[in-house]
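The values are calculated or read from the model by the stated rules, or taken from the named source; none is laboratory data. Note that the coordinates shown come from a computational prediction; the quantities given were computed from them, not determined experimentally. Positions of Cβ are backbone-derived with ideal geometry, glycine not excepted, and every protein chain shown enters the neighbour counts. Just the protein is used for accessible areas: all its heavy atoms, side chains included, with ligands, DNA and RNA removed. Shrake-Rupley method; radii C 1.70, N 1.55, O 1.52, S 1.80 Å.
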Amino acid sequence: MIAFPFRGTRQQVITGKSIFLRHPDIADHTEWAALREESQAFLRPWEPTWPDDDLSRAAFRGRIRRYNQEITAGTGFPFFICSGQNGAILGGITLGNVRRGVSQCGQVGYWMGERYGGKGVMSEAVGLLCDHSFRAIGLHRLEAACIPDNTRSIRILEKAGFAREGYLRSYLKINGAWRDHVLYARINPLNEHMGLKAKQGEAV
């Protein structure tokens with residue numbers, strides 16, 4: 001994996017075997033909007049309700065502005081998943097809600113264009129983001145939540161080494177309805193041996 005500056009001081013590229021991850025840019029709007037539009041039926045059941053202007057250039061400009069603010073603050077790191085062959089945008093993956101201090105934790109979220117699903121792309125992307133989060137960003141813990149019947153997403157997380165930790169009732173409003181979610185987490189393998197189990201009755 002290689003991460004290096006690209007398209008400006010805040011840009012990074014993380015390279016894998018068949019894909020690479022890079023931060024979104026305003027110049028990506030047309031390609032991004034086309035992929036999202038053709039994948040609406042595939043994506044909407046798993047995402048918050050799309051605003052009427054969600055695919056507009058103005059809304060995308062606001063999205064890029066927010067992304068840049070999060071990158072600068074170190075609280076979020078959004079990436080597009082791109083083909084290693086031709087650079088086409090295949091989907092997106094984000095490390096968000098990054099907390100430092102005693103937590104050193106972040107949340108993983110992702111989406112994929114319908115025509116690129118089922119080809120192992122997202123599994124590779126999640127693996128790349130996890131490795132980058134642990135090694136380059138220095139996080140201790142990554143979390144991801146998904147709707148219980150999103151079996152494809154659950155398989156991706158479990159394949160990437162995430163373990164189920166709990167059930168979150170009415171956790172997020174998805175496609176217009178409050179939905180339960182399953183919580184998954186992965187601990188930085190460099191830190192797992194440092195955790196000490198408390199004896200029964202011992203305060204932690």
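Values computed for the structure shown
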read-out: Normalised contact order of the chain, rounded percent, pairs of Cα under 8 Å and 6 or more residues apart; value: 18 percent
read-out: Full-stretch length increase - Ala73, Gln40 - with 0.36 nm per residue and alpha-carbon distance subtracted; value: 8.8 nm
read-out: Accessible area in square angstrom per residue, the range 24-108, 1.4 angstrom probe; value: 49 Å²
read-out: Computed [θ] at 222 nm, helices only, for the chain once each DSSP H run of length n ≥ 4 contributes -39500 (n - 2.57); value: -8000 deg cm²/dmol
read-out: Extension reserve of the Arg66-Asn97 stretch, reckoned as 0.36 nm per residue once the Cα distance is removed; value: 9.9 nm
read-out: Spin-label model distance (nm) - Thr30 vs Leu55, 7 Å beyond Cα toward Cβ; value: 1.6 nm
read-out: The range 137-194 shape via C-alpha gyration tensor axes, a/c threshold 1.5; value: prolate
read-out: Cα gyration tensor shape of the range 89-174, rounded if a/c is under 1.5, else prolate or oblate by comparing a/b with b/c; value: oblate
read-out: Portion, in percent, of the accessible area of the chain that falls on carbon or sulfur, probe 1.4 Å; value: 51 percent
